[in-house]
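See structure below.
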Amino acid sequence: MNWEILAVLGIPLAGGAALALAGDRRWAAELNVALSFATFAAAGALTARVVRTGPILAFEEQFFVDPLNVFLVALTAFVAMTTSIFSRPYMRIEEDHGRLSAARLRLYHSMYQLFVFTMLLVLLTNNMGILWVALEAATLTTVLLVSLYRTPASLEAAWKYFILCGVGIAQALFGTILLYMASQKLLGSGIDALLWTHLAGVRSQLEPTVLSIAFVFLLVGYGTKVGLVPLHNWLPDAHAEGPTPVSAVLSGLLLNVALYALVRCKVLADGALGTPFAGELMMGFGIASVVVAAFFLSRQRDIKRLFAYSSIEHMGLVTFAFGMAGPVASFAGLLHMTVHSLTKSAIFFAVGHATQKTGTQVMEDIRGLIRARPTIGWGLIIGTVAILGVPPFGVFASEFLILTSAMRQEPWATPLLLLALGVAFAAVLSKVQPMVFGDTSEKFPPGRLPHQPALLPVFAHYAIVLTLGLYMPPYLADWYREAARLIG
Amino acid sequence: MSFSWSGAAAQLTELVLAILLAPLLLGWVNQCRAWLQNKGGPGVLRPYLMLRRLFAKDAIVAHGASPLFRVVPYVLFGAMSMAAAIVPTLGTDLPYAPAADAIALVGILALARVAIALAAMDIGTAFGSLGARREMMVGFLAEPALLMVLFTASLISQTTSLATTVETLSSRELAIYPSLAFAGVAFTMVSLAENARIPIDNPATHLELTMIHEAMILEYSGRHLALVEWAASLKLFVYSCIGIALFFPFGIAQGGDATGLLLALPALVLKLAIGGFLLALIETLSAKLRIFRAPEFLGTAFILAVLALLLHAFLETP
Amino acid sequence: MTALLTPALVGQIINVFAAVLLLVSFAMLAQRRILSLIDLFAAQGFVLCLSTAFVAWATGQTHLYWSAGLTFVLKVLLLPWILHRLIRRLNVKWDVETLINIPTTMLVGLVLVIFAFNLAQPVSELAGTVTRGTLGIALAAVLLAFLMMITRSKAVPQVIGFLAMENGLFFAATAATYGMPMVVELGIALDVLVGVIILGVFFFQIRERFDSLDIRHLEKLKEE
């Protein structure tokens, strides 16, 4: 009885429904945390089972759990949980500051759980059609979250998000239709023809022309949701204008999940085409994202937009790594997905409280956080340093591995990557350093925040990233290697 | 096609028939319009009376008119008669058939259009230039659409020769071709525009500022005007026959079949009568478009014609 | 009755449906009034439903009947009703404003149609269905809807363009693969419905804030 899968999916779904009714009570935030914790526990149980017994096919093969997606499931559940812990005081402070009402908090809490549900569904489903449906549903649940503050800018951001991601994902639907068309010849009609495990089994016999066109559409479609340049326009706005917990889960989780979908498609395309066409496309888009995002970083004035572009850059890096393929590159890509997710969400936590303390998102107006609120200040600077790839944090390890693989496999890319990473380093650090260490600005609202900010998640994330950088436990390394093998 | 006596006879008959029947078609259309509007109507033979009256009058020519002005009515009439001779109305075995090319047909119609526009500008009045300008604008947009329609038909029959096209189209088994349907609609729109019918132009209007065709012929009188009006009714006849030949080619005699020719005549009359009635219906049900909307109307016709072409090329061939 | 249906005739009737679908897509592109736009969208859904039902009848794939029924309920009845209600409550019955004039839009549309036909040519040869010739038209319908979205400056026509795009994709699915598995189709239908509902809520938020649904109000966030 696959109760783990049922629990992992059922808890957020039921939670979403429950919070839709009761999300405006005082204890809604605690319920949110409790549900996320329960989801994480179930995810942990699922992971333990997969590690013990190997991949699982459940419910008439509609759900598939292998080392690749189970670690993402665990990561998603974990970050969702820590974000819910962070969001508890954060949203309370927002409510006290008058930016949100209880009714909107109800929408927020129920959509939060539903969003987690859709992401977990994307990860666990074996059916490429349901994958599409769930990814589109993930967009839909977050549209109203981005516009939660109802400011003109947030409405615009949500509209852009909906339209751009909607159009993008429609391309992915066409790609899925083509995929189904190719698979029908070999697997017949009916739902089994869309199961990834079956498709992977026959992937060398899939029609190359159809698969190549299908992959292009899928890349454009799912790539929009990953935030690859030039389809990234929605990302900075959505991150900057939505509430910070939403920015954290968008950056930390949704981008990963979309990339996972893309990688599954790449495996099929590689098998069908036999040429590195799919990988080359991914590499191209990846490098473009890294370089463009790096150069946009220095022009940002809003702190959340700054870190949004940083997310684009890092996801471009991971896409590039997966495009290169090969055991080291894929391993590095998976590691980078993990550490980026943890670090970026932690940074957003710190940024969230920093902006609440100072009342502004404009970087020039924030100064001397280390004096005004030491924990927030340290949280921000450690996170920045970590995300920029400074050793001994985990990001350094994964970036190093990606760069060395690039030097070996795709030498032309190495100077571009180094340049982009260098530019990003300079841009971000030059902006964040004065924010943390500069002279305290008199413009800060005096006094403490109404509720104790939750900074434990921030440092918990950093601790994990540091550990991964210093010492990777062997079982974890094996796990990543196993998953990397599945990617090819 | 080689010369054959029956073919020549058919050709001559077609030509004479066209010249004689064209005013009748016009009269029929006007009468139907009146009936649809619950009026008594001027009678089907009215255009003949008008022509007789005009031929009896003196032709007055303005002082500044060049020789072009006097020549154009004859050019018009000649061009339209030639067009009528080319279009296979009764039979397809015509001596002129080698010259009966779709592109040549469009060229002849264009010649007529240019001639009348030049004549309109010849006197130098404001209304003449106004009419000429509008006529050229309509023509500039309608010609590509007409060409596309003819090309669609040509693609289906693999030749631009009108006679061969008609033969191919009439001998196919019954099949549903959306491309022909689109082309038919496009052709109807183009003929409405080219013949100065509603919704592009109102043939019964007295307001000079809304005229296109009437504005161009304001200066003509007497036998010149008679010829011009006759040519206009011939144009309507020719367009109707093109439509019938492309889209309803049943009944047109194949080759030099004499009995076929005899049967083709009543078939033609019947089809023209129905077509005239439908034209009157369209005119009654539509309102005249404002002149700056005419490009949109014709643009739609063009789009439909191109779509017909594309549909045929991509859907119906392989 | 089915004996009358030679494969050639079946192909021709499907071509007729596809041609009408393309025509409706062009008509939507040329529309000036928003009420007619919604009615055209309903007409598009109706053509889709009829063609799916016809394919179901001609090829014996009974699951397509369900698909046709779903299309009918969702796209001919439910979505146009929601849209009508939306514009009535938002009080927006204006003319559709376009960013480039309509004849130019139509010409660009023609180019897109040619492009779509060319793109679909190699793929449609590989499909195993009787409707494969119409894959080009489906892709053309998608691209035309996309064009409609980017040349409109008001919110509701953009959404209708988005829904029309989904119609085109549905037709592509029918053309290439006799429709997706029912579960997937239900999921997609659910997504579409939820999407429209969310958009409805969203429009009210926009209107509340801007007193207008002109998209150009929503173009202030630019790169600094």
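Readers should treat all values here as calculations from the given coordinates under stated rules, not as data from a laboratory. Every value quoted in this text rests on a predicted model; they were computed, and no experiment measured them. Note that we place each Cβ from the backbone using ideal geometry, even for glycine, and neighbour counts take in every protein chain shown.
When chain B is treated as a GNM with alpha-carbon contacts under 10 Å, the residue of B:GLY43, B:GLY27, B:GLY299 showing the greatest mean-square fluctuation is B:GLY43. Here segment A:288-410 is assigned +1 on the Cβ of each Lys and Arg and -1 on the Cβ of each Asp and Glu. Its dipole about the Cα centre then comes out at about 400 debye.
When you count the other C-beta atoms within 10 angstrom of each residue and take the mean per peptide, C:117-123, B:233-239, A:468-474 line up highest first as B:233-239, C:117-123, A:468-474.
Calculated mean residue ellipticity at 222 nm for the protein assembly as shown: -25000 deg cm²/dmol, from DSSP H runs with n ≥ 4 weighted as -39500 (n - 2.57), summed, divided by the residue count and rounded to 500.
Using the structure shown, list the pairs from B:LYS288/C:LYS75; A:LYS304/C:LYS154; B:LYS57/B:LYS235; A:LYS185/A:LYS225 with a Cα-Cα distance above 32 Å, or answer none. Exceeds cut-off: B:LYS288/C:LYS75.
Ordered by the count of other Cβ atoms within 10 Å of each Cβ, fewest first, C:THR174, B:THR165, A:THR141 give A:THR141, B:THR165, C:THR174.
Relative to the longest principal axis of the Cα atoms of chain A, the long axis of helix A:255-273 makes an angle of roughly 20 degrees.
The distance separating the Cα centre of segment A:375-410 from that of segment A:226-305 comes to 18 Å. Using C-alpha pairs under 8 Å with a sequence gap of at least 6, the mean separation divided by the residue count of chain A gives a relative contact order of 15 percent.
Highest mean packing first, where packing is the average number of other Cβ atoms within 10 Å per residue, the peptides A:132-140, C:46-54 line up as A:132-140, C:46-54. Each label was represented as a point 7 Å from its Cα along the Cα-to-Cβ direction; for C:ILE114 and C:THR59 these points are 3.1 nm apart. Residues of segment A:143-178 with an amide N closer than 17 Å to a point placed 7 Å from the Cα of C:VAL201 along the Cα-to-Cβ direction: A:143-151, A:154-163.
Remark: relative contact order (segment A:159-296) = 30 percent; criterion is Cα-Cα distance under 8 angstrom and separation of 6 or more residues.
Taking amide H as placed 1.01 Å from N in the peptide plane, the amide H of C:LYS154 sits under 5 Å from that of C:GLU97, C:ILE215, each at least 5 places away or on another chain. Mind running the shape call on segment B:12-133? Use the C-alpha gyration tensor, a ≥ b ≥ c as the square roots of the eigenvalues: rounded below 1.5 for a/c, prolate if a/b tops b/c, oblate otherwise. Oblate, because a/c is 1.5 or more while a/b does not exceed b/c. From the Cα gyration tensor of segment A:222-269, with a ≥ b ≥ c the square roots of its eigenvalues, which class applies: rounded if a/c is under 1.5, or else prolate if a/b is larger than b/c, or else oblate? Note, shape of segment A:222-269 comes out oblate. Listing A:ASP365, A:ASP237 from fewest to most neighbouring C-beta atoms within 10 Å gives A:ASP365, A:ASP237. Taking a ≥ b ≥ c as the square roots of the eigenvalues of the Cα gyration tensor of segment A:9-66, is the shape rounded (a/c under 1.5), prolate (a/b larger than b/c) or oblate? Verdict is oblate for segment A:9-66.
Farthest towards the positive end of the charge dipole of the protein assembly as shown, among the residues B:ALA56, A:PHE393, A:SER183, is the Cα of A:PHE393, using unit charges on the Cβ of Lys, Arg, Asp and Glu. As a length-normalised measure over Cα pairs under 8 Å and 6 or more apart, the relative contact order of chain C settles at 22 percent. Listed from fewest to most Cβ neighbours within 10 Å, the set C:LYS154, A:LYS344 follows the order C:LYS154, A:LYS344. Taking every residue in A:128-140 and counting other chain Cβ atoms within 10 Å of its Cβ, the average works out to 4. Across peptide C:110-117, the mean count of Cβ atoms from other chains lying within 10 Å of each residue's own Cβ comes to 3. Toward the positive end of the charge dipole of the protein assembly as shown, with +1 on the Cβ of Lys and Arg and -1 on the Cβ of Asp and Glu, the farthest Cα among A:ALA158, B:PRO203, B:ALA104 is that of A:ALA158. Sorting the segments A:379-388, C:182-191, A:201-210 by their mean number of nearby beta carbons within 10 angstrom, highest to lowest, gives A:379-388, C:182-191, A:201-210.
Per residue of peptide C:171-178, the mean number of Cβ atoms on other chains within 10 Å of the residue Cβ is 5.
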